[in-house]
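Read through the structure below, which is laid out as structure tokens, and then see the notes.
The values are calculated or read from the model by the stated rules, or taken from the named source; none is laboratory data. Here the structure is a predicted model, which means the values were calculated and not measured. Reconstructed Cβ throughout: ideal geometry from the backbone, glycine too, with neighbour counts over all protein chains shown. With ligands, DNA and RNA removed, areas are computed over all heavy atoms of the protein, side chains included. Shrake-Rupley method; radii C 1.70, N 1.55, O 1.52, S 1.80 Å.
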Amino acid sequence: MGKFSVRTTEKGSRFNLVAGNGQVVGTSETYTTRDACLNGVESVRTNAPIANLEDQTVEGYETQAHPKFEVYLDKAGEFRFRLKARNGQAILASEGYKAKSSCLNGIESVRKNAVDAEVVDEA
């Protein structure tokens with residue numbers, strides 16, 4: 001089972017969604033407060049299972065309604081995804097993947113792990 005690893009620093013709070021195998025599959029923005037960060041966790045839990053998939057790496061892709069996972073190529077030519085909530089705000093972003101299939105597997109890992117993941121405070 002996955003976990004939301006929450007870390008608070010002097011700059012604010014952020015979380016990583018960590019899969020059962022220990023891999024980080026997504027990272028949040030930095031929130032000003034821990035409570036706002038926990039609201040972000042809940043937003044991922046709510047939106048990930050129902051999010052549409054918008055593959056921006058395909059020419060002429062069809063724009064999807066929010067919530068959605070956007071798959072795109074970064075400046076280094078790696079595949080990444082971001083999860084956007086119903087309001088269009090990005091709530092989770094991935095690392096770069098060399099293969100598109102790995103990126104899509106990351107999205108499936110978010111869908112699978114987000115709902116039941118426990119929240120763990122990290123030092």
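Quick look at the numbers
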read-out	value
Number of the condition not met by Glu108 [criteria: (1) in contact (Cβ under 8 Å) with a residue 12 or more places away in the chain; (2) more than 15 Å from Thr27 (Cβ to Cβ)]	(1)
Single unsatisfied condition, Ala36 versus (1) modelled with pLDDT of 95 or more; (2) open to solvent by 80 Å² or more (accessible area, probe 1.4 Å)	(2)
Scope segment 53-68; condition crowded, with 20+ Cβ neighbours inside 10 Å and farther than 15 Å from Cys103 by Cα; matching residues	Pro67
Test: residue in segment 94-112 that is β-branched (Val, Ile, Thr), closer than 25 Å to Gly22 by Cα and assigned to a helix (DSSP H, G or I)	yes
Single residue of segment 69-88 satisfying the filter (of a type in the set (Asp, Glu) and open to solvent by 20 Å² or more (accessible area, probe 1.4 Å)) that is farthest from Gly22 (Cα to Cα)	Asp74
Output for segment 48-71, where each listed residue is of a type outside the set (Asp, Glu), under 23 Å from Val24 (Cβ atoms) and touching a Lys or Arg at 6+ places or on another chain (Cβ under 6 Å)	Ala48, Pro49, Ala51, Pro67, Lys68
Residue that is surrounded by the most Cβ atoms within 10 Å (Cβ to Cβ), among those in segment 1-18 that are at pLDDT below 95 and not hydroxyl-bearing (Ser, Thr, Tyr)	Gly2
Flag for Arg111 being modelled with pLDDT of 95 or more and in contact with a Pro (Cβ under 7 Å, 6 or more places away or on another chain)	yes
Candidates Ile91, Ile50, Ile107 - the one that is open to solvent by 30 Å² or more (accessible area, probe 1.4 Å), among the aliphatic types (A, V, I, L, M) and within 14 Å of the chain's Cα centre (by Cα)	Ile50
Residue within segment 69-77 that is more than 10 Å from the chain's Cα centre (by Cα), among the basic types (Lys, Arg), modelled with pLDDT under 95 and not in a strand (DSSP E or B) present	no
